[in-house]
Each structure stands twice: as C-alpha cells, then as structure tokens.
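First comes the structure, then the notes that go with it.
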Amino acid sequence: MTKRGLFILFEGADRVGKSTQVQSLTNHISNSRNLPTKSLRFPDRTTPIGQILNQYLQNSTNMDDRALHLLFSSNRWEAKDSILELLNSGTNIVVDRYSYSGVAYTAAKGIDVDWCYSCESGLPEPDIVFYLSMSTEDATKRGDYGGERYEKRPSWKVINANRTVEEVSNEINQIFDFEFESLQKKPIGTLK
Ligand code: NYM
Ligand code: MG
C-alpha cells in the first residue's frame, strides 16, 4: 500500500527566503527518496478567488478586513479536497504560507485572533511547520501571533533564516529526514 504524503509548511515574513526553501526541500524529497512531491502556495492566485486576492494585493483595492480574511481562508478551503487527495495518494506537499499567515496578517489589524482562526478549523493540518525567522526575537514574536495554541499540534521548527541558502536548507533537510518516517505513520491531522 502506498504510504501517505506529508504536508510540510513554510511560514515566515516576506522575503525571508520561503520560496527558495520550498523549492529546495521539494527537490530534496524528490531526489533523496524518489517520492512524488509537489509545491503549493497560498494565496493560490490562479483560482477565481485567488484572482480577487491578487487584485487586492497588487492594486490595494479597498476591502473590508474581515471580507478579505474570509477570501484568503476560502482560497484554502477550495484547495482542501485536492490537498487531501494528494496526501492520500502518497504525494508530499511543500507549502508556502497557510492558515498561520492568514491569522497573523488579519490579527495584526486588530481583529480578534479566535475569530480569525475559527475560519481555519477543519482544514488539513500540516505535519511540520518550518518557521523561517530573520531577526531573531521580533520575528519569532510575530510568528507567535496567537500562536501558542496553534503550535501545539503540528511540530514547529524555528529556523534562523539569516544564513546562506545552503546552511538553511541543510538544517531543514536534516530535520525533515529525521522526522519523515514517524510523521508518515500518523494519520493526516485536522486544524482544531
Ligand atoms: N497573506 C497571505 C494574507 O494576508 N493572508 C493569508 O491568508 C495569506 C496566505 O498575502 N504579504 C498575505 C501575506 C503576503 C501576501 O503572499 C502575499 P505571497 O507569499 O507574497 O504570495
Ligand atoms: Mg513571498
């Protein structure tokens, strides 16, 4: 029987190198284990909802903060079935931003964290979160935005991203390799 794929998530502020590390880990998994691996990113700007988000992000068109939050969240919900299909069929996914970005960006506008997070409840849960941290304390604090309760289930790894691409990816590959087999044995989680 095919083993399930893992859901690996990268979070962190803009320009810390998430996309580079997503690509690097995707290659590492495909090459070292010869397993099907796909990278995804949120927002997924290719869907109709994603196009509205893209317009908002590019032109800063005005939108109510909660309406915007719900669109970002819907953009994940519309991917839910395909995420589960990929995982169940044995494809690993390496994802650039997910629910934690959604909560952090909206909560930073002063909107209740629990309200923000409630929209995410029921989505597939990542197996590992690599949090790429640039300026140690501040960035870590930001990533924790309402984060303590969310950190309980998936395993969060805070990675110092203020190093060369290779140093960062070596650490990520090591953690991934160490955790891979035990995570694969766990059932796919659901955000609570
Ligand atoms: N963003 C991203 C949100 O505000 N909420 C979300 O749920 C997600 C997934 O979109 N500045 C913000 C964070 C980024 C912006 O993301 C675009 P990217 O990774 O640059 O495409
Ligand atoms: Mg980016």
Q | Contour minus Cα-Cα distance for S135 and K192 (0.36 nm per residue) | A | 17.6 nm
Q: Grab the Cα-Cα distance for D81 and R163, subtract it from 0.36 nm times how many residues apart they are, and report the gain in nm with one decimal.
A: 25.9 nm
Q | Extreme residue, positive dipole direction of the chain, given options L132, V158, Q51 (C-beta unit charges) | A | Q51
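With +1 on each Lys and Arg Cβ and -1 on each Asp and Glu Cβ, and nothing else charged, work out how big the dipole of the chain is about its Cα centre, in Debye to the nearest 20.
Magnitude of the dipole: close to 320 debye.
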(Q) Cut-off 10 angstrom, C-alpha nodes, Gaussian network model of the chain. Which of T164, T106, T47 fluctuates the most? (A) T164
Q: Pull up the DSSP beta bridges for the chain and report the antiparallel fraction as a percent, rounded to 5.
A: 10
Q. Who wins for biggest fluctuation among S19, S169, S135 in a Gaussian network model of the chain, springs between alpha carbons below 10 Å?
A. S135
Q. What is the calculated FRET efficiency for S60 to K3, with r their C-beta to C-beta distance and R₀ = 35 Å, to the nearest 0.05?
A. 0.20
Q) Taking amide hydrogens as modeled 1.01 Å from N in the peptide plane, which residues meet the under 5 Å criterion relative to G189, leaving out close sequence neighbours? A) E125
Q. Under the rule of -39500 (n - 2.57) per DSSP H run of 4 or more residues, summed and divided by the residues of the chain, what mean residue ellipticity at 222 nm is obtained, to the nearest 500 deg cm²/dmol?
A. -15500 deg cm²/dmol
Q. Under Stokes-Einstein, with the Kirkwood radius over Cα pairs standing in for Rh, what whole-number D in µm²/s applies to the stretch 7-186 at 4 °C and 1.567 mPa s?
A. 77
Q | Euclidean distance of C-alpha centroids, the stretch 53-98 and the stretch 1-29, integer Å | A | 16
**Q.** Value of relative contact order over the stretch 1-131, rounded to a whole percent, pairs C-alpha under 8 Å and six or more apart
**A.** 45
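Any read-out appearing in this document is the output of simple, stated calculations on the displayed coordinates, not a laboratory observation. The shown structure was predicted, so the numbers you read here are calculated from the model rather than taken from an experiment. Note: ideal-geometry Cβ built from the backbone for every residue, glycine included; neighbour counts use all protein chains shown.
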